[in-house]
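*Asks:* Handing you this structure, nothing more for now.
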Amino acid sequence: MDKAGAPVGQWSSRFAFLMAAIGSSVGLGNIWKFPYMIGTGGGSAFMLVYLACVMAVGLPILIAELMLGRMGRQGPIETLIDLGRRYSGSAAWGLIGCVGVLAAVLILSFYSVVAGWSLAYIPKLLLGEMSGLTGAQTGEVFGSLLADPWKLTFWHALFMLLTIIPVARGIQAGIEKAVVWMMPLLFVLLLVLCIYAAIEGDFAAGMAYLFKPDFAAVTWDVVLAATGQAFFSLSVGLGTMLAYGAYLPANVSIPRTSLVIVFAAILTAVLAGAAIFPIVFANGLNPSEGPGLVFVTLTVAFGAMPGGALFGAVFFVLLAIAALTSSVSLLEPIVAAFRGRSSLSRSTLAWIGGIVAWVIGFLTLFSFNIWSDVHPLGGTRTWFDWIDFLTSNIMLPLGGVMLALFAGWVVSREDGAAILGFESPLLFRLWRILVRVVAPVGVVAAVVSNML
Ligand code: PFF
């Protein structure tokens with residue numbers, strides 16, 4: 001049964017929880033966003049900083065979120081209010097949850113547009129439209145999709161509908177069953193693409209681009225972008241993991257589970273990079289192509305492979321599913337936030353939340369066509385760029401810092417130790433230093449230095 005204000009149905013097992021949490025973290029962020037951010041953000045410099053941020057900031061905050069979830073056992077806002085009252089006498093900590101809900105709406109708005117591209121590619125591949133195309137030609141196909149607001153609206157609507165329905169029903173029956181086998185299949189397909197890229201692409205150039213250390217390229221811009229991506233790709237900073245942690249069975253180790261989630265997120269991102277960049281370099285494509293990178297490069301590979309039309313269609317189905325398991329984890333906390341406070345049913349709230357995010361999504365949708373020259377606040381950023389920047393690079397990192405501070409300074413040391421059950425006291429101490437000092441100072445430095 002779902003308590004009022006509770007974020008999700010009870011996970012049926014540790015495995016189910018793991019799949020749901022991995023499903024939330026592994027999504028467009030790892031497969032679509034990460035490769036193009038490497039491309040636009042300094043290649044291997046970005047990669048290095050990203051890995052450092054994931055380990056030093058993302059992982060400890062993920063542990064903190066799951067810990068708070070297990071302590072509060074309610075939706076994120078209620079949990080933070082209750083724990084805030086208990087440990088510091090102040091309910092104001094609940095505000096972090098409110099900012100998180102706003103971030104969730106904004107992320108969901110653009111997430112659905114991009115996931116819609118993935119849906120649009122399924123029939124394109126199945127019908128053989130991409131067979132035998134060069135990089136330049138697949139670029140044109142992608143460009144013409146983006147230029148058509150009506151088509152984009154259709155796919156954006158379809159994806160949002162696919163997100164709303166399971167959340168309206170309660171997600172356990174549908175999503176949980178699907179993720180359990182689809183996520184592993186996605187990994188296998190990514191591996192197949194890597195093998196293809198290794199044989200047919202310029203593997204050496206791709207790997208060098210990903211992994212050859214280039215410290216000179218590390219600027220504050222790169223650091224902030226990589227920090228934001230660490231939060232985005234792990235789904236931390238807005239309370240999603242806190243919500244999921246609320247139903248963790250008591251015998252599940254939070255530190256170990258967090259490691260598995262982080263490992264899965266990194267692995268997917270690296271596999272996506274290893275599949276894409278060799279193809280980019282072998283086909284003379286531009287690694288800094290931006291948001292179209294995955295759609296343009298991988299379709300070159302699919303177009304040339306035997307059976308590529310089918311493989312390609314399956315890949316985009318799986319990408320859409322990876323996106324879906326993340327998008328439900330964005331809509332769920334929005335619904336949870338309002339459940340305790342209104343008499344509306346779960347289903348009505350899911351529809352309202354989804355439709356609001358869908359409408360806001362038009363800011364992103366038009367950023368790729370009729371508003372591509374609109375730069376609110378001047379500069380070069382479109383609406384999409386602003387929403388992405390604001391959520392990934394400001395709201396999630398600062399939300400994460402607040403959660404880290406709360407878990408490290410406000411919650412008592414004894415309670416933290418008891419809930420987390422680290423195997424060694426040394427690791428617990430290390431985690432405390434990371435959430436109390438390293439993560440807050442590092443993230444705030446990255447955000448502030450970028451504003452100066
Ligand atoms: N982690 C997801 C991805 O990488 O695609 C995006 C995401 C989902 C971010 C859920 C935040 C969140 F709460």
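*Asks:* How many residues are of a type in the set (Phe, Trp, Tyr) and either crowded, with 24+ Cβ neighbours inside 10 Å or touching a Gly at 6+ places or on another chain (Cβ under 6 Å) (or both) when one looks only at region 258-280? Full working, then the answer.
*Replies:* Here is the first cut: in region 258-280, the ones of a type in the set (Phe, Trp, Tyr) are 263, 277.
Applying the additional criterion that residues be either crowded, with 24+ Cβ neighbours inside 10 Å or touching a Gly at 6+ places or on another chain (Cβ under 6 Å) (or both) yields 277.
Counting residues in region 258-280 that are of a type in the set (Phe, Trp, Tyr) and either crowded, with 24+ Cβ neighbours inside 10 Å or touching a Gly at 6+ places or on another chain (Cβ under 6 Å) (or both) gives 1.
*Asks:* Given the criterion under 21 Å from the mean Cα position of the chain (by Cα), more than 30 Å from TRP150 (Cβ to Cβ) and buried (at least 20 other Cβ atoms within 10 Å of the Cβ), identify the matching residue among ALA357, ALA407, ALA350, ALA439.
*Replies:* Details: ALA357 fails: more than 30 Å from TRP150 (Cβ to Cβ); ALA407 fails: under 21 Å from the mean Cα position of the chain (by Cα); ALA350 fails: more than 30 Å from TRP150 (Cβ to Cβ).
Of ALA357, ALA407, ALA350, ALA439, the one residue that is under 21 Å from the mean Cα position of the chain (by Cα), more than 30 Å from TRP150 (Cβ to Cβ) and buried (at least 20 other Cβ atoms within 10 Å of the Cβ) is ALA439.
*Asks:* Identify, by number, the condition in (1) closer than 24 Å to LEU158 by Cα; (2) within 14 Å of the ligand (Cβ to nearest atom) that VAL296 doesn't meet.
*Replies:* VAL296 satisfies all of (1) closer than 24 Å to LEU158 by Cα; (2) within 14 Å of the ligand (Cβ to nearest atom) except (2).
*Asks:* Can you tell me which residue within region 56-92, out of those that are closer than 21 Å to ALA103 by Cβ and free of Cβ contacts under 8 Å to residues at least 40 places away in the same chain, is surrounded by the fewest Cβ atoms within 10 Å (Cβ to Cβ)?
*Replies:* ALA92
*Asks:* Residues PHE338, PHE368: which one is among the aromatic types (Phe, Trp, Tyr), at pLDDT 90 or above and away from the ligand (no atom under 16 Å from the Cβ)?
*Replies:* That would be PHE368, the only listed residue that is among the aromatic types (Phe, Trp, Tyr), at pLDDT 90 or above and away from the ligand (no atom under 16 Å from the Cβ).
*Asks:* Just one of PHE281, PHE263 is among the aromatic types (Phe, Trp, Tyr) and either within 11 Å of the ligand (Cβ to nearest atom) or over 17 Å from the mean Cα position of the chain (by Cα) (or both); which is it?
*Replies:* Being among the aromatic types (Phe, Trp, Tyr) and either within 11 Å of the ligand (Cβ to nearest atom) or over 17 Å from the mean Cα position of the chain (by Cα) (or both) holds for just one of PHE281, PHE263, which is PHE281.
*Asks:* Could you figure out which of (1) away from the ligand (no atom under 16 Å from the Cβ); (2) closer than 29 Å to ALA103 by Cα isn't true of LEU310?
*Replies:* Of the numbered conditions (1) away from the ligand (no atom under 16 Å from the Cβ); (2) closer than 29 Å to ALA103 by Cα, the odd one out for LEU310 is (2).
*Asks:* Identify the residue in region 224-257 that is closer than 16 Å to TRP431 by Cβ and either in contact with a Ser or Thr (Cβ under 6 Å, 6 or more places away or on another chain) or within 14 Å of the ligand (Cβ to nearest atom) (or both) and, among all such residues, is modelled with the lowest pLDDT.
*Replies:* GLY245
*Asks:* Right, next: Considering region 285-311 alone, what residues qualify as being more than 21 Å from the chain's Cα centre (by Cα), surrounded by fewer than 20 Cβ atoms within 10 Å (Cβ to Cβ) and either on the phi > 0 side of the Ramachandran plot or assigned to a helix (DSSP H, G or I) (or both)?
*Replies:* ALA304, GLY307, ALA309, LEU310, PHE311
*Asks:* I would also like to ask the following. Any residue at all in region 371-386 that's small (Gly, Ala, Ser) and surrounded by 21 or more Cβ atoms within 10 Å (Cβ to Cβ)?
*Replies:* No, every residue in region 371-386 fails to be small (Gly, Ala, Ser) and surrounded by 21 or more Cβ atoms within 10 Å (Cβ to Cβ).
A quick yes/no check of all residues on (1) away from the ligand (no atom under 16 Å from the Cβ); (2) within 22 Å of ALA147 (Cβ to Cβ):
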{"position": "LEU95", "(1), (2)": "yes, no"}
{"position": "VAL105", "(1), (2)": "no, no"}
{"position": "ALA115", "(1), (2)": "no, yes"}
{"position": "LEU125", "(1), (2)": "yes, yes"}
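*Asks:* Could you list, ordered by first residue, the pairs with Cβ atoms under 6 Å in which the first is in region 233-246 and closer than 24 Å to ILE38 by Cβ and in contact (Cβ under 8 Å) with a residue 60 or more places away in the chain and the second is more than 7 Å from the ligand (Cβ to nearest atom) and of a type in the set (Val, Ile, Thr), at least 6 apart or interchain?
*Replies:* That search, which allows pairs on different chains as well, returns VAL236/ILE61.
The values are calculated or read from the model by the stated rules, or taken from the named source; none is laboratory data. Predicted, not measured: the structure shown is a model, and the values here were computed from it. Cβ: placed from backbone, ideal geometry, glycine included. Neighbour counts: every protein chain shown.
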